[in-house]
Amino acid sequence: MTTSRREFIKGSLSVAAAAGLPFALGRPAFAALVERKDRSWEDGYRNLFQGERVVRSINMPNCTGSCAWNVIIKDGIVKRVEQPLDYPDDEYNPRGCMKGATYHRRVYSPNRVKFPMKRVGPRGSGQWKRISWDEALDFIASEIKRIAAKYGQNTIWIYPPVPATGIAKQGAGFRFASVNGFGIGTFYNWYGDLPLAHPITWNVQTEEHEFKDVLNTKYAMIWGSDVAQTRMPDAHFFTDVRAKGVKLVYIAPYYDPTASMVDEWVRVRPGTDGALALGFCHVVVKRGLTDEAHMRRTTSGPLLVRNDNGKYLKAADVTEGGDAKAFMAYDPAMGKAVPDVYFSDKLALTGTWDITLKDGKKVSCSTAHTLLLKKLEDYDPKTVSEITGVPAKDIERIAVEYASAKPASIWAGTGINHWYHGDLIGRAVIELGCLTGNIGRQGGGVSPWAGQYLMRLNPTDYFFPKKEGGKPDERYRAVPLDTAYVVNGPTDTMFNKAGLWRQIRCIWAAGGNLLGEASDQSNLTRNVLPKVELIVSPEIEMSTTAQLADIVLPVVSWFELPYDIATTPAHPYIQLHEGGLEPMFEAKTDIWIYYEMCKRLGTADRFKFNRPEQAIELLLGTGGPQVKGITLERLKKERCIRVNLPSSPYASFTEEIEGKKKFKTASGRQELYKDENRFIEFGEQLPVHKEPHQATPYGPSKVWAEAKKERNPLYEKYPMVYHARHTRWSVHSSWRTTGEITKLDDIGQPLLELNPVDAAKRGIVAGDWATAYNPHGYVKAKVKLRESVPPGAVLIYFGWQREQIREGHWNALTHNDINPIHEIYFIPNVWGPVSGHFDQLCEVKKS
Amino acid sequence: MSEALWQKYYGQPNPKYGNRVQWGMLLDINKCIGCHTCTMACKQTWTSDPGQEEMYWNSVSTQPFGKYPRKNGSKNPADWDYRFSNLYQDTPKGKFPKLWQFYLARPCNHCANPACLPACPTRSIYKNEDGIVLIDQNTCEGFQNCVKACPYDKIYYNAVTKKSNKCMFCFPLLEKGQEPQCVKSCVGKIRIFGNLMDPESTISKMIRDPSLGVKVYDPQTSLKATHRVINPVERRQYRPDFGTIPSVWYVPPKNVPQEEIEKYFGYAMGGLLDEPHKVEAPIKMKDI
Ligand code: SF4
Ligand code: SF4
Ligand code: SF4
């Protein structure tokens, strides 16, 4: 700025005068005409940035984001954090929302756990005694030994951390349980994020496309996933593709933030999304828009099913000595049933034949696709409109739009998964993807992003260490017990009940705020906790769980954690986390705490590690092909490395769909038809719509033809669907007590949100205190009225800690019956009870 | 807008203040997810000192009901309520199925013809060489005339320092070759930033020719911008009827009825709107 200000102004004024003044010099512009010698105040702001040190860290809550943040440290204190804007693919820049932007507020939160504390009053009374680390660890060790001697080692139960949110740190929890033979719970299925339809159809835990693949789509249905609130770092992929002319459809009961940024919003009656999907399928079939080649080559469509018992026809049924595992299909050219050949074009997709069995008996067999088409007869647009409330002409039109756009994609969320019959809804949606040939294609697919379950490496050697001197694959293993049973109690239909069920006596809440976040809270606190003799809560802040625990241990925040690695299903990178701060107060890392515990339990030589670096090296070294070539050293340099994947942007099943390999299912195909006994018993061999288990005015858990004739007695008393939902302002309960964030959340306290019509009926106005209640429990909060909430529903954005709620708890109303379909197998976090906490009813009254 | 009008208002040095550069911003409301990452990035950088607790230089609120600050009918800033800047979040207008809402993110407009500047009795407000409107914190005496004068309510009185504070378009970052915090942090990728007076800058080209929007924003490497896509919809300004010639531009939301758009983004250069938009709030919160 060498030109003096006055000269500069003079010069420009004459130019302006020549061009004609766009706005008149009405009033004197004092400051502009005054020469300013001194603008030294500006330097005060410039100097703010001097002496700053930058560390690239990863925000690792269970929100699926896994966003990098530069921690900016000055004089040993974090001043602020900024997105580093350094993802190798610029489409992923910037990443990170306002929660990441305020994580340092949590580091310096007055709510931090500062030192080990032991409860001295009754649980939850807030009476604590400060103790030393040695006292704390010795006490826990002696209690664990006592409880294990009395009830068994496996009644010590670790509530497992979500592993990809810092694989070294969180994996240490699994390792701790393994080397000590403790019990371990589940997370992904139990809290309702596992789309069970994926293991059912594809025998995979979950498969989703990376977010960038949205850019390849020609039509996108966002189904029950409020991406604008819950997938903030990636929501722009949708708005970007929309700007380029791709139609976005949002299917949800609520006019959510996402509804306001799409081309079409479809309000569906809560819990009836499966019927809507089948209605779309019906239209696709009737209009001849089915991709038959896709169905024939890759799905269970051509496989023969015995009409006498609903089972797949196997080679062993037909020929003496035939393979009991070989599926059969019908070859029209040969005029007979033949063993299935994956990807073959020769097999009949539809048809029914009498097949001669090996004992000479003839049995009628149809292809699975024939049965599927028959099922779809029930889902004509008129009927589906009756079920879902979506106008028939819209069902017809959207189905055609979706089926005609190639590729078309479905981005599903937990909104359609947190239901007792969430598996059926998910399967119906997948059926739509299959019928239109959209599976395995970039820009297509059915992708649910929920939860940081995906580690992108094989963690077995770290989680379940090999026994030294044992047989080659002999490992230390934890004894699983699904969290659902710990919270709800066992069921008669539980998988291997005799072998797995035991009453838990010690809870080590490693995976977060179990007692604050569990659905079926009422049962947990009333019936389960009194039987639990020791609750250990390693925590950063005084969460609800910490408040109700017997021992609270101070754990470092991410910024005090030396290193870790993090991954997510949302993007394809493995990233190194670095903290940059020294531990505050007496906080310790999780891995140190576990190691010290193991020392006291005599298992330290098995656990081995007390620093994350060693763990990271083991994880990367034994992690398998996805992380081949990626080392800690490389990560320290590059920070963010794309893992090895077969496609970019990553899309699921691209190789299967090209016939290069089979699906991982028993048949090697996408199994739209299932023949396990329990599917047959419940009439769920194929995707069907069943009314919600609780949240319906009609016959609960019945197919429409029966359901519509009945009334749900529970509904007569509790006619409101109760939804405690994710908000943009928290990741579950994380950030809920961060003042700067809560302040932006309306009036900064829990709100029961209602449609004005429902409020008027109950004499409630906005701002009133009201209670939502049902037989399980209640919550009291202020009322907010919004047209966004459909009549007949109550919404509460969740995550509030105990002390923030006036009375009751937002999870006191949720109660999950366990669906026996979810218990056919038990593979922790892959096949197990999926929480149905959206499937709830309540009534609301002014209070 | 026509090229002639653009030239008249933006294509020449500011006739009053002489700046030959005018930094400006373009926000695509269709892409805003209401996340407040911008708000927090700004706040963590500039306004986390005592006296700034309820001060959001960049604010975001759900329209039509979200108001920040809420003036409660008073002209006196002392009566204005800055608490709960995001009250009525996600509260749409209309009846099912015709509902609408949108998020309105607002930094200071760094107006070409600022209302705040001449209102200052101590002459502490000035427009710098880059068109940024600043308050000299050494000479400001806290008269708050500017707070009243700014029709956008984008000047905030700091009761602790007894001076008025406002958005600085992050000038220290611009000097370091970075975009302002609210622009570079915007995770919805809705914002682009640049020099309105440079006919070749991305922002001035994109404002003049809305069809350029569907192409990925070509980053102005001097500011290390990331790639962004903007909807090809006519660009407008928020409340141009105030007559201050704001430097912040918007892509109005496609999902909002046209008559509502006109209330917010009435087409200034094609004829000023004189009726300020009144927002009534039928859903009243008691006792907050
Ligand atoms: S928006 Fe207000 S504070 Fe900013 S320059 Fe314009 S008049 Fe001044
Ligand atoms: S430009 Fe800078 S100071 Fe202004 S609102 Fe944005 S972040 Fe805040
Ligand atoms: S960061 Fe961007 S998308 Fe988020 S509220 Fe601000 S302007 Fe909108």
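Before moving on, here are some points about what is shown:
- Of the residues in the stretch A:230-257, those shielded by at least 20 Å² of accessible area once partner protein chains are present, compared with the chain alone at a 1.4 Å probe, are A:232, A:236, A:239, A:240, A:242, A:243, A:244, A:255, A:257.
- The stretch A:622-680 versus the stretch B:122-148: alpha-carbon centroid distance in Å: 59
- Pairwise centroid distance, computed over Cα atoms, of the stretch A:227-247 with the stretch B:197-255, Å: 19
- For the stretch A:693-846, a simple Cβ point-charge model (Lys and Arg +1, Asp and Glu -1, everything else neutral) yields a dipole of about 360 debye relative to the Cα centre.
- Threshold 50 Å², the stretch A:258-272 residues less accessible with all protein chains present than alone (1.4 Å probe): A:260
- Carbon and sulfur %, accessible surface of the protein assembly as shown computed with the full protein complex present, 1.4 Å: 52
- Under 9 Å, Cβ to Cβ, from residue A:693 - net charge with Lys/Arg +1 and Asp/Glu -1: -2
- Reduced Cα scattering model of the stretch B:3-270, Debye log10 I(q)/I(0), q = 0.07, 0.12, 0.15 Å⁻¹: -0.23, -0.70, -1.15
- Computed FRET value (nearest 0.05) for residue A:111 with residue B:98, which takes r as the C-beta separation and R₀ as 45 Å: 0.55
- At R0 = 56 Å, FRET efficiency that the Cβ-Cβ distance of residue A:374 and residue A:533 yields, to 0.05: 0.50
- Take each residue of peptide A:757-769, count the partner chain Cβ atoms within 10 Å of its Cβ, and average: the result is 2.
- Using the 1.4 Å probe convention, the accessible area of the stretch B:3-270 works out to 30 Å² per residue with neighbouring protein chains retained.
- Excluding ligands, DNA and RNA and using a 1.4 Å probe, chains A and B jointly bury around 7900 Å² of accessible surface, summed across both partners.
- Overall form of the stretch A:714-847 per C-alpha gyration tensor (a/c, 1.5; a/b vs b/c): oblate
- Here the simple spin-label model places points 7 Å from the Cα toward Cβ, and for residue A:647 and residue B:161 these points are separated by 5.4 nm.
- Label point of residue A:89 set 7 angstrom out along Cα-Cβ; within the stretch A:650-665, amide nitrogens under 19 Å from it belong to A:650-656.
- Each peptide in A:392-401, A:522-531 was scored by the mean count of other Cβ atoms within 10 Å over its residues; highest first, the order is A:392-401, A:522-531.
- Between the stretch A:39-102 and the stretch A:707-758, the alpha-carbon center distance in angstrom: 32
- Rg/Rh (Cα only; Kirkwood hydrodynamic radius) as it applies to chain A: 1.01
- Inter-probe distance in nm under a simple model that places probes 7 Å from Cα toward Cβ, at residue B:129 and residue A:584: 4.2
- Minimum 30 Å² accessible area buried by the other protein chains, the stretch A:714-750 residues, probe 1.4 Å, relative to alone: A:728, A:729, A:740, A:743, A:744, A:746, A:747
- Summing Cβ point charges (Lys, Arg +1; Asp, Glu -1) relative to the Cα centre of chain A gives a dipole of roughly 1200 debye.
- Backbone N within the stretch A:492-515 under 19 Å of label point (7 Å from residue A:475 Cα along the Cβ vector): none
- Counted charge near residue A:448, where neighbours are those whose Cβ lies closer than 10 Å (Asp, Glu -1; Lys, Arg +1): -3
- Average accessible area per residue (Å²) across chain A - probe 1.4 Å, nucleic acids and ligands excluded: 33
- Efficiency of FRET from Cβ geometry, residue A:264 and residue A:400, R₀ 22 Å, rounded to 0.05: 0.95
- Placing a pseudo-label 7 Å from each Cα along the Cα-to-Cβ vector at residue B:6 and residue A:287 gives an inter-label distance of 4.0 nm.
- Helix-derived mean residue ellipticity, 222 nm - over chain B, DSSP H n ≥ 4, -39500 (n - 2.57), to 500: -4000 deg cm²/dmol
The values are calculated or read from the model by the stated rules, or taken from the named source; none is laboratory data. All values derive from a computational prediction rather than experimental measurement. Quick reminder, even Gly has a Cβ in these numbers, built from the backbone with ideal geometry, and neighbours come from all protein chains shown. Ligands, DNA and RNA are stripped out before the accessible areas are found, and what is left, the full protein with its side chains, is counted by its heavy atoms. Shrake-Rupley method; radii C 1.70, N 1.55, O 1.52, S 1.80 Å.
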